[in-house]
Amino acid sequence: MAESLREIIMRDVLLNVQTPGQYIGGEFNAVAKDHATLEATFCLAFPDTYTLGMSHHGMQILYNLVNSDERFACERAFCPNPDFEAELRKRDLPLYGLETFTPLGEFDMIGFSLQYEICYSNILTMLDLSKIPLHSVDRGDEDPLIIAGGPGAQNPEVLAPFVDLFIIGDGEESLLEVMEKWSELKRVAGIDREERIARLVASFDWAYAPRFYQPEYHADGTIAAMNRTRPDVPQHIRACVITQNFDDIPIPTEPVMPNVECAHDRFAIEIMRGCPWQCRFCQSTVIKRPLRVRSVDAIVEAAKEAYEKTGYEEISILSLSSSDYPHFEELVNRLAEEFSSKRVSISVPSLRVNDQFRNLPKLVSGVRKGGLTLAPEVARDDMRDQIRKPINNDNLYEGCRKAFEEGWRRVKLYFMCGLPGERTVDLDGIVDVAERISTIGKEAIGRYIPVTASVSNFVPKPHTPYQWNGMRDREYFQWAHRYLRDRVSLRSVKVKCHTIDTSLLEGIMTRGDRRIAPVLEEAWRRGARLDAWDEHFNPALWWQVFEDLGVDMAFYSQRERPTTEILPWDHVNVKKGRDWLEKDHHRSVVQLNILASAE
């Protein structure tokens, strides 16, 4: 079957679609195993296009982890573009794993990586193309176990009808344990699929099977309780946290090399997981605790090995806040020493603007320069206090000046609009900071530096102190975007604002409960596809479905929620817990009142 499917795809389908290289597999460093010799097979499914999925570092980590175990195989699948989807449907062909062209329905497990809520409709596309029932309760004993993890799993309720099992926390330790347990349970005679899943989740406190939990609602639509339907499953779900030395988690130095150009053409190394700061808007800093770091030696050796095995001309050191890595200066010096003569670019994203940032340009002066990417988030000190991101404009300006002198020639700044307590002067500050940095280029090297201020629309996320805050409405964002663009006076400065409709849908998907699932399914049935891509996103379709199904969008996204309310994700626990989040939320309210009184 697998070979005949490959032949059909190669002969009849690929000539009819754009960028066929993303559907043929066979990439350098890809691992193809004989399924007949294995205990279990797993397909890592990324619910977005190949060009984005192949750029995701976490996917490479899990792919390497599973394939390093001789008992298991891991393959990859991505959401096809509409032309390839249409070809598969026309010929009644299933979606398949790229390594062996095995239909997804023949794998033991399929795992979805939930990186962005706007991609949820793609999960339904991939399940349906694989001929797997959309709803968990409709699957039989021979269907794959459908699991999901990643940031989106922190509020699993919107996807509850479609996913058998959510894994909360680090995947490096949990994934292999689930594969071992599921393989063991499938060999037990006399138990059906539901009982297997129940025994699986009873074994781990970080595994959540929604079918065994039933929400109860008040008359006003808020949640009254989340009731277990059987006593042997966990009442509260905790995050799986890597307990071993972070250096012992293998770095994939032989990543799968994509067949086509992708979003990031580089080798990435995660130098640190977690963040020492506690920004109120940031979900990642909450869910990735505690802080874990790799040694400089491990990072440098991995970079050297990866360069020899891939030939990449850019190495990216990744973390939530790279310049907070405790051995940052030593690491950058070592990497510069190793790669400056090879003309390899060292990319340092996620830089915190602090004293250390002033020294970064000099540290990597001998390395080929990429763009400088910084995330001030806001521009005024009082708003920085409110969001708990204590940075300093003097450090920002001085660091940029030195970067320009050392050869950097463009800057991208990430800001947010719509934060709690935002004022007009906060929007003014975004433009002022961008123009000041561009002007520093004129002072330092004689010409204005191109600066892009990328402005996202703030979405309050689960498991943050802002989870009780409401999101601003469409009219506010429309006004704020116009205001920002009208304030720009330098041609070298551009303001790019995130699409409002996308943000509004994200606000509902990230804060919704199970009553949003029918909206998701109906929108998909009416044609919602690849909603994270502007050329495919049809917001009118979504808003019509919400209206037709009688779902109040503002109830989920714009409503301020009292801290006494049970939230859809409260049964999923995080480090420090809900009590800490509630206390910090109340502290933010005090600060908001101070900001408002100062106006």
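The numbers here are math on the coordinates, done by the rules we state, and not lab data. What you see is a predicted model; the values in this text were computed from it and never measured. Heads up, the Cβs are rebuilt from the backbone with ideal geometry, glycines too, and the neighbour counts pull from every protein chain shown.
Of CYS400, THR19, SER557, which is farthest along the charge dipole of the chain in the positive direction, counting Lys and Arg as +1 and Asp and Glu as -1 at C-beta?
It is CYS400.
Please give every one of the lysines within straight-line cross-link reach of LYS90, meaning a C-alpha to C-alpha distance under 23 Å, and leave out same-chain neighbours fewer than 8 residues apart.
LYS131
What cysteines in the chain have no other cysteine with a beta carbon less than 4.7 Å from their beta carbon?
Isolated Cys, the chain: CYS43, CYS74, CYS79, CYS119, CYS240, CYS262, CYS275, CYS400, CYS417, CYS497.
Quick check: the distance between the Cα centres of region 1-71 and region 273-344, to the nearest angstrom?
28 Å
Only Cα pairs under 8 Å and at least 6 apart count here; give the relative contact order of region 194-292 as a rounded whole percent.
After rounding, I find 18 percent.
Between ALA540 and MET10, what's the calculated FRET efficiency when r is the beta-carbon distance and R0 is 41 Å? Round to 0.05.
0.60
Report, for the chain, the % of DSSP beta bridges that are antiparallel, rounded to 5.
Of the beta bridges lying entirely in the chain, close to 20 percent run antiparallel.
Taking a cut-off of 13 Å between Cα atoms, list the aspartates and glutamates near LYS402, but don't count ones fewer than 8 places away on the same chain.
In chain and number order, the partners are ASP355, ASP394, GLU443.
Which of rounded, prolate, oblate describes region 1-136, given a ≥ b ≥ c as roots of the alpha-carbon gyration tensor eigenvalues and a/c under 1.5 marking rounded, otherwise prolate only if a/b is larger than b/c?
Rounded, because the longest to shortest axis ratio a/c is under 1.5.
Among the aspartates and glutamates, which fall within straight-line cross-link reach of LYS33, defined as a Cα-Cα distance under 16 Å, with same-chain neighbours fewer than 8 residues apart omitted?
Cross-link targets: GLU3, ASP69, GLU70, GLU75, GLU99, GLU106, ASP108.
Which whole-number percentage describes the relative contact order of the chain, with Cα contacts under 8 Å and a sequence gap of 6 or more?
In percent, rounded to a whole number, it is 13.
Using a Debye calculation, one point per C-alpha and no hydration shell, please list log10 I(q)/I(0) for the chain at q = 0.06, 0.08 Å⁻¹ in order.
So the normalised log intensities are -0.32, -0.58.
Assigning unit charges at the beta carbon (Lys, Arg +1; Asp, Glu -1) and nothing else, what dipole magnitude in debye, to the nearest 20, does the chain show about its Cα centre?
Details: 72 positive and 91 negative charges, 359 e Å.
With Lys and Arg at +1 and Asp and Glu at -1, about 1720 debye.
Return P(r) of region 364-519 (all Cα-Cα pairs; 5 Å bins starting at 0; whole %; ordered from short to long distances).
That works out to 2, 9, 17, 19, 18, 13, 10, 7, 4, 2, 1, 0, in percent per bin.
Tell me, what is the FRET efficiency for ALA224 and SER597 to the nearest 0.05, using R0 = 56 angstrom and their Cβ-Cβ distance as r?
Computed FRET efficiency for ALA224 and SER597 comes out at 0.95.
Please state, rounded to one decimal and in Å, the Kirkwood hydrodynamic radius that region 523-579 gives when every pair of distinct Cα atoms enters the mean of 1/r.
14.3 Å
Take the alpha carbon gyration tensor of region 147-239, find the square roots of its eigenvalues, order them as a ≥ b ≥ c, and report rounded if a/c is under 1.5; if not, report prolate when a/b exceeds b/c, else oblate.
Judged from the Cα gyration tensor, region 147-239 comes out oblate (a/c at least 1.5, b/c at or above a/b).
Beyond 27 Å between alpha-carbons counts as too far, so tell me which of LYS389/LYS461; LYS389/LYS412; LYS309/LYS412; LYS389/LYS575 fall in that bin.
Violating the 27 Å Cα-Cα cut-off are LYS309/LYS412.
For the chain, what does the helix formula give at 222 nm: sum of -39500 (n - 2.57) over DSSP H segments with n ≥ 4, over the residue count, nearest 500 deg cm²/dmol?
Here the helix-only value at 222 nm equals -11500 deg cm²/dmol.
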